[in-house]
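Just below is one structure, and these are the notes that go with it.
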Ligand SMILES: [Zn+2]
Ligand SMILES: [Zn+2]
């Protein structure tokens, strides 16, 4: 089964996100642990997080990909900004112990004219303080578009950070299709070559999640503007090749496209049809040798929306 979901709002709490995901036929999702523009968050209710933990097990969800606030900068030229980022990420990682086995994805940082090498050193030093052996979440460095002074716009820069990590096995990479296309990696014409390069520089064993986005801009523009699936410069065929690629097809795919919930539901349905043609064909299904897992997933999603209509007061 395709492991796919989208970014969901945490405003209704943790358990609510699980229910919303099931409603749109997602089996993973992403969320900001707090307001992405600021750093504040209300203290979460442990019972709410536990309810989500049990729900994820019951529904056999793929790992979630929580996202750190994108304003954090571990390699700022200002010490207080670096310290704040480190404090937030340390707190978030502790919080996520309540949802063990999921991912925490973050942007490596912007070096602010201090140079890429200095940035790499500051990021890895901070990560070595943030990640402790008792933590239960793997942290994912995101591939970046190389906008401004962003660190992580090349596979080499991500590898250089990983090389400096004491607990390297607690870290992986989240590949964003819009970002790497924007950074100049040609996933449209040469996906195989790009993946070969990822394997050679970083290692495919480090690739643990994918942000599936189309791009508003052409290859190499370093702009980082996401577009709806099939509506941008990457296009549906290239994104279909990503989700069905033998080395990628089992990873969790997260949509960060400019959509509301119904738009995400449509993209999820579209990508599921591409991933497993025939699975969602109408009629005749009752008598046909349908995939029992597919039937189960649809049945579960139906149950969930039923529960939602009955019990949702928010
Ligand atoms: Zn991101
Ligand atoms: Zn992303």
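Every number in this text was worked out from the coordinates using simple rules, so none of it is lab data. Owing to the predicted nature of the structure, the values given are computational and were not obtained by experimental measurement. Positions of Cβ are backbone-derived with ideal geometry, glycine not excepted, and every protein chain shown enters the neighbour counts.
Among the DSSP beta bridges whose two residues both lie in the chain, what percent are antiparallel, rounded to the nearest 5? Spell out each step's value before the answer.
Values: 4 of 30 bridges.
Around 15 percent of the beta bridges assigned by DSSP in the chain are antiparallel ones.
Take the alpha-carbon centre of the range 1-23, take the same for the range 124-188, and report the distance between them in whole Å.
24 Å
So what is the relative contact order of the range 208-253, in percent, for Cα pairs below 8 Å that sit 6 or more residues apart? Could you put the intermediate results ahead of the total?
Details: 57 pairs, mean separation 18.3, N = 46.
It rounds to 40 percent for the range 208-253.
Could you state the principal axis extents of the C-alpha atoms in the chain, from the largest down, to the nearest angstrom?
Extents along the principal axes: 64, 47, 30 Å.
Helix 14-23 sits at what angle to the longest principal axis of the chain, using alpha carbons and giving 0 to 90 degrees rounded to 10?
The two axes meet at around 50 degrees.
Treat the count of other C-beta atoms within 10 Å as a stand-in for reagent exposure and order 124, 221, 11 from fewest to most.
Exposure proxy ranking, most exposed first: 11, 221, 124.
For a footprinting-style exposure proxy, rank 191, 141, 56 by other Cβ within 10 Å, fewest first. Mind showing how you got there, number by number?
Working: 191 17, 141 26, 56 22.
Least to most surrounded, the residues fall as 191, 56, 141.
For the chain, what is the mean residue ellipticity at 222 nm derived from helices alone (per DSSP H run of n ≥ 4: -39500 (n - 2.57); sum divided by total residues; nearest 500 deg cm²/dmol)? Please report the intermediate quantities before stating the final value.
Working: 10 runs with 126 residues, N = 314.
It comes out at -12500 deg cm²/dmol, rounded to the nearest 500.
Report the antiparallel proportion of the DSSP beta bridges in the range 107-217 as a percent, rounded to a multiple of 5. Don't jump to the answer; show the numbers that get you there.
Values: 2 of 10 bridges.
Just about 20 percent of them are antiparallel.
Could you put 249, 135 in order, starting from the residue whose Cβ has the fewest other Cβ atoms within 10 Å? Walk me through the intermediate numbers first.
Details: 249 14, 135 18.
Taking fewest neighbouring Cβ atoms as first place, the list is 249, 135.
What relative contact order, as a whole-number percentage, does the chain give when Cα pairs under 8 Å and 6 or more residues apart are counted? Mind showing how you got there, number by number?
Details: 582 pairs, mean separation 56.1, N = 314.
That works out to 18 percent.
Cα axis of helix 116-130 to longest principal axis of the chain: angle in degrees, 0 to 90, nearest 10?
60 degrees
Rounded to the nearest 10 degrees, what's the angle between the helix 191-201 long axis and the longest principal axis of the chain, both from Cα atoms, 0 to 90?
The two axes meet at around 40 degrees.
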